[in-house]
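Shown next, in structure tokens, is the structure this report addresses.
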Amino acid sequence: MLTRIAMLLVALLSLSFASSVQAAPKVQAAVELIEETSGRVARLVKGAEEASSLRASLDTLLGEIVDFRRFGQRTLSGHWEGLNATERERFEQAFRALVLSLYAKRFTPGMVFTTSLRGSPERLEADRVKVFTTVSGPKAGADVDYELSYAARPAQAAWRVSDLVIDGVSMVQNWRNAFKRILDRDGFEALVTKIERRASRP
Amino acid sequence: MIALLTALVLATPLAPVETIDWPTLVTRIQATNPLMREARAGLERFEAALKGTQWRYFPVFELKAHVGIGPEGGALEADAPAEVQRWGDTYRVGVVVEQPLYTFGKIEGLKAAARHGVEIGEAVVQAARWELIARAARAYQGALMAREVEATLREGRRWVDKVNQRLEALRRSDAADYDPLVHLRLKSRVGDLAQMESDNAALLSESHDALRMLLSRPVDQPVRPHEDQVEVSAFALKPLAYYLEVAQKSRPEVTIAEAKVQAQGALMKQARAEMLPELLLLGEFHALGSETLERPLALPNQGSVGMSAGVLFAMRWRFDAGSSLHRSAELDARARQLRAAADKAQQATEAEVRRLYGRLSRQRDLIAAKRESRAAAKSWLINAWELYDTGFGKLPEVMDALERVWLTRLGHLHAIVTHNVMVIELSGTVGLDLLTAQGEAP
């Protein structure tokens with residue numbers, strides 16, 4: 001009897017150990033994602049002939065690797081819980097368009113740049129890591145750090161970007177501060193309308 | 001039209017601007033600058049004086065020759081002047097040779113003083129060299145900094161113009177977003193920007209002129225630094241004790257002061273030797289003759305007709321007690337004065353080394369802090385503009401960020417230039433090229 005209990009305990013412990021090993025996503029996968037994405041962006045920009053097609057290509061690429069839902073949720077910290085599903089979806093789409101327009105503005109078709117890893121990645125939590133890179137080009141350079149969250153959803157990339165830190169400034173924190181002013185003063189509708197209007201400008 | 005074309009054809013083409021790197025500049029200014037030529041000429045004087053003392057061991061020749069016309073007999077008899085029947089030529093030649101045998105230290109004293117004089121001359125050349133290199137460093141770094149600041153201010157001017165145009169558009173369209181106070185806030189900064197542009201243009205022009213004049217070039221032969229950017233000089237600071245030790249041995253001002261003390265000591269020995277006699281070998285040859293004289297005859301004040309020669313040991317001694325004592329006291333006082341000056345030079349050296357070392361040791365941390373500030377200001381501007389451009393930010397935030405970009409960049413560049421010039425100044429203070437002697441990257 002005791003032997004059976006002991007064997008059961010050992011089996012349970014082994015199972016939980018195996019589960020914990022499997023549950024911790026590998027940091028290396030996040031690094032590889034960033035390296036691959038950076039290379040794709042560089043090739044896209046270099047080969048682009050005009051801004052609108054570049055923007056469309058970047059939109060597709062960003063859609064694959066950025067978790068806009070989580071990104072947007074973090075910028076509306078404190079207000080997100082009060083939104084319904086439709087509002088959340090609307091905000092996510094508007095925010096995605098805004099991020100894309102700002103991101104695309106940083107690149108001009110034909111621009112050449114390289115991205116290199118900077119230091120070792122940092123595991124912030126079990127399912128959050130930070131990967132550090134430096135973008136260098138003839139005209140400018142910047143430190144671009146990616147915060148990635150592990151999304152255990154089927155048929156989606158395991159690691160997805162949930163924040164960009166450019167030259168030490170987190171997009172989430174920067175936009176959260178700006179959105180808070182408008183939310184406190186004018187409310188959610190005014191904020192999302194403003195975001196949609198701005199995102200639709202060329 | 002024809003006059004204009006002619007003027008264009010005949011116009012003297014502008015000389016191409018030569019670029020020069022730092023090592024080449026240092027080499028060329030030492031070859032061409034009047035300060036170095038003056039110092040080297042001074043050294044050559046001391047070297048000539050030293051060579052001159054060596055000739056003191058050689059014999060001294062004195063030659064006297066006289067040819068004249070004299071009466072028969074060589075003298076007029078007072079009571080029978082009319083009886084002189086014949087006049088003829090008279091010649092007189094005398095050669096005296098003095099060969100010093102023993103001078104009781106006079107020549108050795110002069111030689112020792114002259115040797116110390118050469119040391120002084122060499123140290124003066126080194127002092128001139130470091131003075132020139134320090135001037136060149138200030139001009140070179142100033143030109144590099146001014147060039148980078150010019151680019152920063154141009155970028156700043158573009159930002160100001162961009163914001164101003166946007167505000168002007170809002171003002172003209174009487175937009176609800178237009179805030180005249182914000183517009184005035186921007187315009188109030190334009191004067192500061194213009195002041196920075198003016199100051200920087202002056203720095204650029206003065207630095208370029210200084211470089212040209214250091215190389216002794218005319219105004220139509222401009223010269224510019226080869227590098228594009230200000231960079232921190234590759235230099236690893238050693239402990240203070242090292243620089244203090246090196247400076248006491250190698251700093252030109254200390255070497256000059258010590259050499260003057262040594263030279264004074266040699267002059268004092270030489271002055272004591274002056275109170276003693278000289279032993280010498282004396283040789284003489286005399287010849288006296290006349291066509292009017294046929295037999296040996298002694299002529300008044302002229303010696304005997306014929307030839308005479310002789311060699312003898314001689315002693316020469318001139319002793320002036322009063323002057324000797326006075327000179328001795330004067331030399332003693334001068335020696336004490338020079339000793340005090342040498343001690344003062346050592347103290348000044350120590351103070352200067354400590355001052356530069358302290359500042360240099362803090363300068364690297366300051367550069368790092370200013371670099372961080374500069375990066376943060378740049379990031380602030382980009383993000384503030386992004387928020388403002390998307391309608392989520394405020395223009396005063398952009399203007400404040402822009403001002404900080406200018407100031408932090410200027411501050412960072414100034415910190416680097418100050419560091420680089422201080423490295424050269426410390427090199428001059430210790431009398432050792434610290435960049436080539438150490439050569440470690442920061």
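For helix B:22-32, report the angle its Cα long axis makes with the longest principal axis of the Cα atoms of chain B; keep it between 0 and 90° and round to the nearest 10°.
It is inclined by approximately 30 degrees.
For the stretch B:132-172, give the magnitude of the charge dipole about the Cα centre (Cβ charges: +1 Lys/Arg, -1 Asp/Glu; no others), in debye to the nearest 20.
Magnitude of the dipole: close to 140 debye.
Tell me, what % of the accessible area of the protein assembly as shown is carbon and sulfur with a 1.4 angstrom probe?
57
Name the residues whose placed amide hydrogens come within less than 5 Å of the amide hydrogen of A:Val169, ignoring near sequence neighbours (fewer than 5 apart) on the same chain.
So A:Val169 has HN proximity to no qualifying residue.
From the residues B:Ala368, B:Gln221, B:Ala114, which one has its Cα farthest along the dipole of the protein assembly as shown in the positive direction, the dipole being from +1 and -1 charges on Cβ of Lys/Arg and Asp/Glu about the Cα centre?
B:Ala368
Quick one: ranking B:Phe61, A:Phe113, A:Phe95 by accessible area, 1.4 Å probe, largest first, what do you get?
B:Phe61, A:Phe113, A:Phe95
Dividing the convex hull volume of the alpha carbon atoms of chain B by its residue count, what do you get in Å³ per residue? All intermediate terms of the calculation are to be shown ahead of the outcome.
Working: hull volume 139.3 nm³, N = 442.
Cα convex hull per residue, to the nearest whole number: 315 Å³.
Only Cα pairs under 8 Å and at least 6 apart count here; give the relative contact order of chain B as a rounded whole percent.
Working: 593 pairs, mean separation 108.0, N = 442.
So the answer I get is 24 percent.
Can you spot the lysines whose alpha carbon is less than 29 Å from B:Lys378's alpha carbon? Ignore those fewer than 8 places along the same chain.
Those lysines meeting the cut-off are A:Lys46, A:Lys105, A:Lys130, A:Lys139, A:Lys180, A:Lys194, B:Lys162, B:Lys187, B:Lys370, B:Lys394.
Return the distance in nm (one decimal) between the two label points of a simple spin-label model at B:Thr32 and A:Lys26, each offset 7 Å from Cα along Cα→Cβ.
Label at B:Thr32, label at A:Lys26, 6.5 nm between them.
Residues with beta-carbon under 10 Å from that of B:Val95, excluding B:Val95: net charge, scoring Lys, Arg +1 and Asp, Glu -1?
Numbers: positive: B:Lys64; negative: B:Glu62, B:Glu284.
Here the count lands on -1.
Charges on Cβ only, +1 for Lys and Arg, -1 for Asp and Glu, centred on the Cα centroid of the protein assembly as shown; of B:Val311, A:Gly119, A:Leu33, which one is farthest towards the dipole's positive end?
Of the candidates, A:Leu33 comes out farthest on the positive side.
Counting DSSP beta bridges in chain B, what percent are antiparallel, to the nearest 5? Write down the numbers at each step before the final one.
On the way: 37 of 40 bridges.
Within chain B, antiparallel bridges account for around 90 percent of the total.
For peptide B:382-394, how many partner chain Cβ atoms fall within 10 Å of a residue's Cβ, on average? Write down the numbers at each step before the final one.
Numbers: counts 6, 10, 2, 0, 9, 5, 1, 4, 12, 7, 12, 4, 2.
Across the residues of B:382-394, the mean count of other-chain Cβ atoms within 10 Å is 6.
What is the spread of the Cα atoms of the protein assembly as shown along each of their three principal axes, largest first, in whole Å?
Principal extents (Cα only, largest first): 159, 101, 44 Å.
Tell me what the protein assembly as shown gives for mean residue ellipticity at 222 nm when only DSSP H runs of n ≥ 4 count, each as -39,500 (n - 2.57), the sum divided by the residue total, rounded to 500 deg cm²/dmol. Don't skip to the end; give the middle numbers.
Working: 17 runs with 403 residues, N = 644.
So the helix-based figure for the protein assembly as shown works out to -22000 deg cm²/dmol.
In whole Hz, with x marking every Gly and Pro, tabulate ³J(HN,Hα) for the stretch A:69-82 from phi via Karplus 6.51 cos²θ - 1.76 cosθ + 1.60, θ = phi - 60°.
The phi angles translate into 5, 5, 4, x, 4, 5, 6, 10, 3, x, 9, 4, 5, x Hz.
What angle do you read, to the nearest 10 degrees and between 0 and 90, between the alpha-carbon axis of helix B:240-250 and the longest principal axis of chain B?
30
B:Lys111: which lysines have alpha carbons under 28 Å from its alpha carbon, excluding same-chain residues fewer than 8 sequence positions away?
Straight-distance partners of B:Lys111: B:Lys51, B:Lys249, B:Lys260, B:Lys269, B:Lys344.
Pull up all non-local amide H partners of B:Thr90: gap of 5 or more, or a different chain, and H-to-H distance under 5 Å with H placed in the peptide plane.
The answer is B:Gly68, B:Ile69, B:Gly70.
Which peptide among B:365-375, B:139-149 comes first, and what is the full order, when sorted by highest mean count of other Cβ atoms within 10 Å?
Final packing ranking: B:139-149, B:365-375.
The values are calculated or read from the model by the stated rules, or taken from the named source; none is laboratory data. Just so it is clear, the model here is predicted, and its values are computed rather than measured. Cβ sites come from the backbone with ideal geometry, for glycine too, and all protein chains shown count toward neighbours. Ligands, DNA and RNA are stripped out before the accessible areas are found, and what is left, the full protein with its side chains, is counted by its heavy atoms. Shrake-Rupley method; radii C 1.70, N 1.55, O 1.52, S 1.80 Å.
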